[in-house]
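**Q** Take this structure, written in structure tokens, and hold onto it; I'll ask about it next.
Values in this text are rule-based calculations from the coordinates and carry no lab data. Being a predicted model, the structure only gives us computed values, none of them experimental. Heads up, the Cβs are rebuilt from the backbone with ideal geometry, glycines too, and the neighbour counts pull from every protein chain shown.
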Amino acid sequence: MTLRIVLTGDNHLNYYSQRLGWKLAERRRRIGQAWMETVEFALQNQVHLYLNTGDLFDQVMPRNPPRTRVVEAFTRMKEAGIECFVISGNHDGPASAGEGASPHGVLQEAGLATVFEDVSGFGSKVVKVEGVKVSVAGMSMDRRLNPDMDPLEGLEVPGEGDFNIAMLHCGIRSIAPSYMVEAMIDPASMRKNSQIDL
């Protein structure tokens, strides 16, 4: 069996930058088109899983047009039998309870995707793909973590499947560019979770 997956993230729909001025609308159009290509690819290739590893949106409270396009696209994937999974990143995840929930909650409520909102531990779901148990675990990014912290430290990623996937929105300390100043996974934490395949 070949497991077909679309893995995407940092799509930044509803992108905002004052510096772009009148060019902002064109940038948003191109970003939206690029993201839609991941959806069309998933549909055309009849993938089993669609994984978004954070920052689907550029903000916690995006405008309604991009939200609507996202719901429409996830509805199409659901109707095609594609299992969708989403976590929040450092742009579209709330920094505090005062900011409310991530904009992905509507996907969970509508039954269009499994959304892992927790920032302190993993949620997981096991799905059967052509008789093979696939475990997908995810944890949204905790924007309160300091740059010297490891979001995976002390945690065990659920691995109840024949094939186990972990979704996080952060760099890996030994390979991330030196200009990145955010919490990163230490390779030692990855080695302690050797049950994870992807």
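**Q** Is it possible to state the helix-based mean residue ellipticity at 222 nm for the chain, with each DSSP H run of 4+ residues giving -39500 (n - 2.57), the sum divided by total residues, to the nearest 500 deg cm²/dmol? What is it?
**A** One gets -7500 deg cm²/dmol as the mean residue ellipticity at 222 nm.
**Q** Distance from a point 7 Å along Cα→Cβ of residue 20 to each backbone N in region 59-81: keep the residues under 18 Å and list them by number.
**A** Label zone hits: 59-70.
**Q** Which of 155, 20, 51 ends up with the largest GNM mean-square fluctuation for the chain, with Cα atoms connected below 10 Å?
**A** Evaluated over the chain, the most mobile residue of the options is 20.
**Q** So, one more: Counting only the backbone N, which residues of region 62-91 are under 19 Å from the spot 7 Å out from the Cα of residue 132 toward its beta-carbon?
**A** 81-85
**Q** Still on this structure, please answer the following. Read phi for every residue in region 59-73 and hand back ³J(HN,Hα) as whole Hz from Karplus 6.51 cos²θ - 1.76 cosθ + 1.60, θ = phi - 60°, with x for Gly and Pro.
**A** Listing the rounded values in order: 9, 5, 10, x, 5, 5, x, x, 4, 4, 4, 5, 4, 4, 5 Hz.
**Q** Follow-up. Treating the beta-carbon of each Lys and Arg as +1 and of each Asp and Glu as -1, no other charges, what is the dipole magnitude of the chain about its Cα centre, to the nearest 20 debye?
**A** Approximately 680 debye in magnitude.
**Q** Report the FRET efficiency, 1/(1 + (r/R0)^6), for residue 174 and residue 34, where r is their Cβ-Cβ distance and R0 is 25 Å, rounded to 0.05.
**A** After rounding, the FRET efficiency stands at 0.30.
**Q** Evaluate the distance, in nm, between pseudo-label points positioned 7 Å from the Cα of residue 163 and of residue 75 along their respective Cα→Cβ axes.
**A** So the label points at residue 163 and residue 75 sit 3.0 nm apart.
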